[in-house]
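Novice: First the structure, then my questions, so here it is.
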Amino acid sequence: MEFQNHKITEAVCAFRFDPEQNTPWDLTFFAEYYNAIKTNGYEIKQEIKPFQLNFNINVKEGLNKSEVLPGETQMVFKTKDQKYAILMAQNYISFHSLNHYLGWDIFLPKVIEDCINPYLEMGLGKGLISAQMIFINNFDIEEGEALSDYLVFLPQMKDFGQGQEISHVFNSNYLIKPNKQLSLKTILNNNIADSSKKVIVESNCLASNIDSSIKLTDLIQEAHDSARNAFIKIASDSFKAKIK
C-alpha cells in the first residue's frame, strides 16, 4: 500500500440495486445471508429499525399533528474483532473497514468480493444502479501547524495576521462525465482549551451504472479511483510525506 501511515478511519463500499429487477424483499434474507458469511468471520449481527417522523399541518384549523412510523429494517454484520462490517438493507449492501484499512488490494478481494458472492448467489443484487466509495480520514494537526499545511486548496491563514484557526467547514459536489458524482468534505474543530485541532477529510464518489453489461467490481473500481484521486489532488506534499 502506498500510504502505510494513512489516516483512514473508515472506508465504505456501497451498492444499490433496482427493486424492479430483484426478488420481492423478504426479511428472511437477513438470516440466509448471515449463515452464508459466518464462515468469513461475521459472527456479530445487529438489527436496526429506524423510525420516520411525519408532520401533518392543517393551516385552516391551526393543527399540527405528528406521527412516528417504522422505517425499513436493516441489519449490520460485524467481525468479532470489529474491524469489518456489512450493512444490508432492501436492494442495498455496503462493506465497511473500521479503523483497519489495509489497502484496496486487500479490501476488494478479501472483503467485498468474498462477501458479495453469497449475496448474489441468493438471487439478490440484480439491476446494479450505482456503486459508491467513501474514504473518511481523521487526524490531529500539530501545534504551530495550519490546515493549509495539509490541504492545498486552502489559503494561508497566517497571511491575514497573527492568530489561530478556530473552525473550518468545506463541502463541494462535482459531476464528472459521464457517470460520476464526487463529493469532498473537510472539517476542522479547534478546542481552544487544550489547543487540539481535529480534522475530518471525506472523499466520496458515486458511480452510476450507464452500461448494463458492466461488472459490479468494475463499477466500484471507477468509484474507488475517483475518490482516491480526489484525496491525492487536495493533499499537500508534506501531508503525503507524513503518511508514507
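None of the figures in this text is laboratory data; all of them are computed from the coordinates on show. The structure presented is a predicted model; accordingly, all values stated were derived computationally and were not measured. In this analysis, Cβ positions are derived from the backbone assuming ideal geometry, glycine residues included, and neighbour counts consider all displayed protein chains.
Novice: Can you give the FRET efficiency to the nearest 0.05 for Asn189 and Leu120, using r as the Cβ-Cβ distance and R₀ = 45 Å?
Specialist: 0.65
Novice: What FRET efficiency, computed as 1/(1 + (r/R0)^6) with R0 = 30 Å and r the Cβ-Cβ distance, is obtained for Gln156 and Lys83, rounded to the nearest 0.05?
Specialist: The pair Gln156/Lys83 has a calculated efficiency of 0.20.
Novice: Calculated FRET efficiency, Glu47 and Asp237, Cβ-Cβ r, R0 41 Å, to nearest 0.05?
Specialist: 0.35
Novice: Where does the charge balance sit around Ser195 when Lys and Arg score +1, Asp and Glu -1, over other residues with C-beta under 15 Å from its C-beta?
Specialist: -4
Novice: Picking from Leu128, Gly161, Gln90, whose Cα lies most toward the positive end of the charge dipole for the chain (charges on Cβ: Lys, Arg +1; Asp, Glu -1)?
Specialist: Final value for the positive-end residue is Gly161.
Novice: Give me the angle, in degrees from 0 to 90, between the Cα long axis of helix 28-37 and the longest principal axis of the Cα atoms of the chain, rounded to the nearest 10.
Specialist: The helix 28-37 is inclined about 60 degrees to the chain.
Novice: Summing Lys, Arg as +1 and Asp, Glu as -1, what charge do residues with Cβ under 14 Å from the Cβ of Ala227 carry, Ala227 excluded?
Specialist: Here the charged neighbours net out to 0.
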